[in-house]
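Here is the structure we will look at, set down as structure tokens.
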Amino acid sequence: MELVKDLPEVFEEFAEQRKNSFLGIKKIKEQGMPVIGSYCTYFPQEIALAMGAASVSLCSTSDETIADAERELPKNLCPLIKSSYGFARTDKCPFFYFSDVVVGETTCDGKKKMYEYMAQFKDVYIMELPNTQREDALKLWRNEIIRFKEYLEKKFNVTITEDDIRRAIKINNAGRRSLKRLYEVMKNDPVPITGQELFKVLYGSTFKFNREEIPAEVDALVDQIEKEYAEGKMQEKKPRILITGCPIGGATEKVIRAVENNGGIVVTYESCSGAKSIDKLVDEDNPDVYDALARRYLNIGCSVMTPNPNRLELLGRLIDEYNVEGVVEMTLQACHTYNVEAFGIRKFVNEEKGIPYINVETDYSQADIGQLNTRIAAFIEML
């Protein structure tokens with residue numbers, strides 16, 4: 001596949017993918033295809049894909065419906081939870097509206113209780129996610145994946161074979177390989193594209209319903225980026241920033257803009273919106289497909305895990321491979337696990353990696369943009 005459009009146009013198409021998918025999801029439903037909605041990186045997409053369903057990430061990154069959610073939920077709750085519930089309660093999210101079932105997971109306490117309320121007006125299935133990554137936890141998670149498969153078989157009157165799952169694993173792994181190839185262009189110094197452009201593709205690709213199309217589209221994009229880079233088209237050399245912390249997207253993209261509007265360049269994202277969700281592949285050679293899926297997903301280094309060494313491993317590797325000069329951690333207000341873990345991340349970045357770190361706590365409003373710009377500009381200036 002060869003690109004016939006200029007790179008800026010391609011980046012904008014990925015940025016518009018979420019909006020375009022609002023219409024796409026309606027067409028999918030009209031064709032009779034099941035739709036599975038989810039909120040979390042721990043959701044094993046391959047099981048839904050194996051049964052021929054479309055899986056979609058549900059709306060949870062805007063303050064548009066937070067006031068609606070606060071009629072039933074506490075105000076001092078994380079904005080991601082309130083946004084998720086608000087969009088569900090008001091039916092303002094087409095993805096939620098057209099989902100046959102919403103798959104939740106026992107990550108943080110707030111989400112677990114929120115799902116109880118959501119289940120009163122939507123079909124919600126909860127996967128019991130262990131909060132540790134020991135071998136006994138792995139057995140529990142493997143059983144949960146099997147239980148989820150059996151639930152889908154019963155609900156939709158289908159049979160999901162291990163061959164179906166293996167095919168889905170291959171499809172998703174191919175997409176992950178292509179997206180990894182994309183974000184690895186940021187190892188170049190200077191970088192070929194901006195962090196905002198990188199994010200548009202990473203985020204937009206999550207709203208592609210036909211997962212088999214991702215490799216060709218992303219590989220063609222990377223080929224064009226590399227071609228133009230070889231011809232001398234690149235960004236100005238700037239301090240190289242890694243963003244970590246809570247999921248980025250929608251309203252919190254203000255953090256990316258604050259970095260890149262104030263003299264820095266985002267070279268990699270450790271968060272769920274970036275490397276964390278695509279860094280590890282599912283082992284295609286494992287004879288036990290459920291064990292392969294369980295190991296891949298349970299080993300994601302989220303702050304809900306205790307202890308959480310896999311986050312430090314990925315973070316340290318990204319800092320080294322991308323020649324990172326400063327780390328910006330974005331934590332959402334009232335996200336207890338990430339806010340508590342921020343102290344350990346600061347210590348790791350400062351003492352073990354020897355580079356500067358800043359933590360910015362924010363929400364989904366735009367009220368703190370001025371403060372964000374001031375703090376991040378001062379941070380970048382000292383690098």
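Read the figures in this text as sums done on the coordinates, not as results from a lab. As the structure is a computational prediction, the values presented were derived from the model and not from experiment. Heads up, the Cβs are rebuilt from the backbone with ideal geometry, glycines too, and the neighbour counts pull from every protein chain shown.
Eigenvalues of the alpha-carbon gyration tensor of the stretch 173-381, scaled by 5 and square-rooted, set the equivalent ellipsoid semi-axes at 26, 23, 16 angstrom, largest first.
Computing FRET efficiency as 1/(1 + (r/R0)^6) for Lys19 and His336, where r is the C-beta to C-beta distance and R0 is 22 Å, gives about 0.10. Here the residues Tyr115, Tyr269, ranked from fewest to most Cβ neighbours within 10 Å of their Cβ, fall in the order Tyr115, Tyr269. A cut-off of 5 Å between modelled amide H atoms, ignoring neighbours fewer than 5 places along the same chain, links Met127 with Gly104, Glu105, Thr106. Set the Cα radius of gyration of the chain against 2.2 N^0.38 Å, with N its number of residues, and you get 0.96.
Under the simplified labelling scheme, the Lys227-Asn76 pair shows an inter-label distance of 5.7 nm, with each label point 7 Å from Cα along Cα→Cβ. Partners of Lys347 within straight-line reach, counting aspartates and glutamates whose Cα lies under 20 Å from its Cα and excluding those fewer than 8 residues away in the same chain: Glu270, Glu313, Asp320, Glu321, Glu325, Glu329, Glu361. Extents of the stretch 255-362, largest first, come to 49, 28, 26 Å (Cα atoms, principal axes, whole angstrom).
Computed from point charges on the beta carbon alone (+1 for Lys and Arg, -1 for Asp and Glu), the dipole magnitude for the stretch 301-354 about its Cα centre is near 160 Debye. Among Leu315, Cys246, Asn210, pick out the residue whose Cα is farthest towards the positive end of the charge dipole of the chain, where Lys and Arg carry +1 and Asp and Glu carry -1 on C-beta, about the Cα centre. Working it through, the farthest residue towards the positive pole turns out to be Cys246. Charges were assigned to the Cβ only: +1 to each Lys and Arg, -1 to each Asp and Glu. The resulting dipole of the chain about its Cα centre is roughly 660 debye. Between the helical axis of 135-156 and the longest alpha-carbon principal axis of the chain there is an angle of about 60 degrees. For the chain, the longest principal axis of the Cα atoms and the long axis of helix 309-321 meet at an angle of about 40 degrees.
Projecting the Cα atoms of Thr106, Ser57, Ser277 onto the dipole axis of the chain, where Lys and Arg carry +1 and Asp and Glu carry -1 at the beta carbon, places Thr106 farthest toward the positive end. Angle of helix 17-30 to the longest C-alpha principal axis of the chain, folded into 0 to 90 degrees and rounded to 10: 10°.
Using only the C-alpha atoms, the convex hull of the stretch 87-127 corresponds to 64 Å³ per residue.
Pairs over the 22 Å Cα-Cα cut-off, from the set Lys75/Lys276; Lys29/Lys208; Lys19/Lys187: Lys75/Lys276; Lys19/Lys187. Ordering Val259, Tyr97, Pro190 by Cα displacement along the dipole of the chain toward the positive end leaves Tyr97 in first place; charges were set at the Cβ atoms of Lys, Arg (+1) and Asp, Glu (-1). Taking the DSSP beta bridges with both ends in the chain, the antiparallel portion is around 0 percent. Over the chain, Cα pairs under 8 Å with separation of 6+ residues give a relative contact order of 19 percent. Peptide packing for 361-372, 321-332 was compared via the average number of neighbouring C-beta atoms within 10 Å per residue; ordered from the highest value, the list is 321-332, 361-372.
Phi-derived couplings, Karplus 6.51 cos²θ - 1.76 cosθ + 1.60 at θ = phi - 60°, listed residue by residue for the stretch 174-191: 4, x, 4, 4, 5, 5, 5, 4, 5, 6, 6, 5, 6, 6, 5, 9, x, 7 Hz, with x used for Gly and Pro.
Separation of the stretch 269-320 from the stretch 88-127 is 24 Å, based on Cα centroids.
Put a plus charge on the Cβ of each Lys and Arg, a minus charge on the Cβ of each Asp and Glu, and nothing anywhere else: the dipole of the stretch 256-345 about its Cα centre is then about 320 debye. When every Cα-Cα distance of the stretch 7-162 is counted in 5 angstrom steps from zero, the calculated P(r) takes the values 2, 8, 17, 19, 19, 15, 12, 6, 2, 0 percent. Residues Leu383, Leu298, ranked from the fewest to the most other C-beta atoms within 10 Å, line up as Leu383, Leu298.
Between Gln366 and Lys353, the modelled labels are 3.1 nm apart [label points 7 Å from Cα along Cα→Cβ]. Calculated FRET efficiency, Asp123 to Thr161, Cβ-Cβ distance, R0 = 25 Å: about 0.55 to the nearest 0.05.
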